[in-house]
Amino acid sequence: MTLINLADFCPATRVLGPGLRFVLWVQGCCFRCQGCISPDTIPQVKATLIEPKVIAQAILSNSQLDGIAISGGEPMLQAPALSELFAILRQERDLSIICYTGFTLAQLEAKNDPEIAVMLSYIDVLIDGLYIEAQNDNRGWRGSTNQVVHFLSSRHLEDAPLFTERKRDIEVYLRNDNALMVGVPTWEFSNQFPDIIRSLGKVGDGVG
Ligand code: SF4
């Protein structure tokens, strides 16, 4: 059985792509971008191992959702399990799928990896490339301007300006002993977030 190694999730948000989305942050990344908004998800360690069908049930139980967003960590390191999740979702409902990756699309295609090809076949919007702090323009749903928004299906073509130009907003969820940040923050806020959260007596789990 292929399991998803999950760092965290948010059951519904409007700050990470068009419409209402369930967000998954996977654990483990092969990159180490300076200024990464979710450094806790970089270590390639076991976090929460969960069956794709269990996450699919949680997503499908909310009829209000327009889609999902996958970030990390590096989703492409978990292509088989995520493809299984996508397949279940698409069998049941035509949900939109947005995925972030530190690889460029050209690098992924050059791998000639059938598991990655299957995963890409489900994705509507792929936001690719490493996060480069000096190229963070504080706009849109991508982290920095080197990242390219690839519309792999026509579903979100009309929303294209939002991905690169939209004024940014975030949601912060205060939990028992930590805080979860959802969305792509401005450069200034992402630097202040750990101090803000510490001042509230919590640990920042700044997944973007
Ligand atoms: S920004 Fe993304 S690709 Fe870069 S280290 Fe963080 S999780 Fe990995």
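In summary, helices (runs of 4 or more DSSP H) completely within the stretch 36-120 and bearing 3 or more residues that are crowded, with 21+ Cβ neighbours inside 10 Å occur at 52-60, 79-92.
Would you mind stating whether residue 7 is more than 25 Å from residue 134 (Cβ to Cβ) and either crowded, with 23+ Cβ neighbours inside 10 Å or within 13 Å of the ligand (Cβ to nearest atom) (or both)? In short, yes.
Okay, residues lined up against (1) in contact with a helix residue (DSSP H, G or I) (Cβ under 6 Å, 6 or more places away or on another chain); (2) more than 16 Å from the ligand (Cβ to nearest atom); (3) more than 23 Å from residue 45 (Cα to Cα):
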| position | (1), (2), (3) |
| --- | --- |
| 83 | yes, yes, no |
| 98 | no, no, yes |
| 117 | no, yes, yes |
| 122 | yes, yes, yes |
| 141 | yes, no, yes |
| 149 | yes, no, yes |
| 154 | no, yes, yes |
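Among the residues that make up the stretch 186-205, is at least one of them in contact (Cβ under 8 Å) with a residue 40 or more places away in the chain and among the aliphatic types (A, V, I, L, M)? No, because not a single residue in the stretch 186-205 is in contact (Cβ under 8 Å) with a residue 40 or more places away in the chain and among the aliphatic types (A, V, I, L, M). Output the residues belonging to the stretch 23-57 that are touching a strand residue (DSSP E or B) at 6+ places or on another chain (Cβ under 8 Å) and either away from the ligand (no atom under 11 Å from the Cβ) or without any contact (Cβ under 8 Å) to a residue 12 or more places away in the chain (or both). Within the stretch 23-57, 23, 24, 46, 47, 48, 49, 50, 51, 52, 55 meet the criteria.
The numbered conditions (1) touching a residue at least 60 places away in the same chain (Cβ under 8 Å); (2) under 24 Å from residue 32 (Cα atoms) are all true for residue 111 except (1). Scanning the stretch 169-185 for residues that are at pLDDT 90 or above and over 16 Å from residue 38 (Cβ atoms) yields a single hit, 169.
Scoring residue 16 on the criteria (1) touching a helix residue (DSSP H, G or I) at 6+ places or on another chain (Cβ under 6 Å); (2) hydrophobic (A, V, I, L, M, F, W, C); (3) under 26 Å from residue 188 (Cβ atoms) leaves a single failure, condition (1).
The values are calculated or read from the model by the stated rules, or taken from the named source; none is laboratory data. Computed from a prediction, not measured in an experiment: that's the story for all the values here. For neighbour counting, all protein chains shown are included, and Cβ atoms are generated from backbone atoms with ideal geometry for every residue, glycine included.
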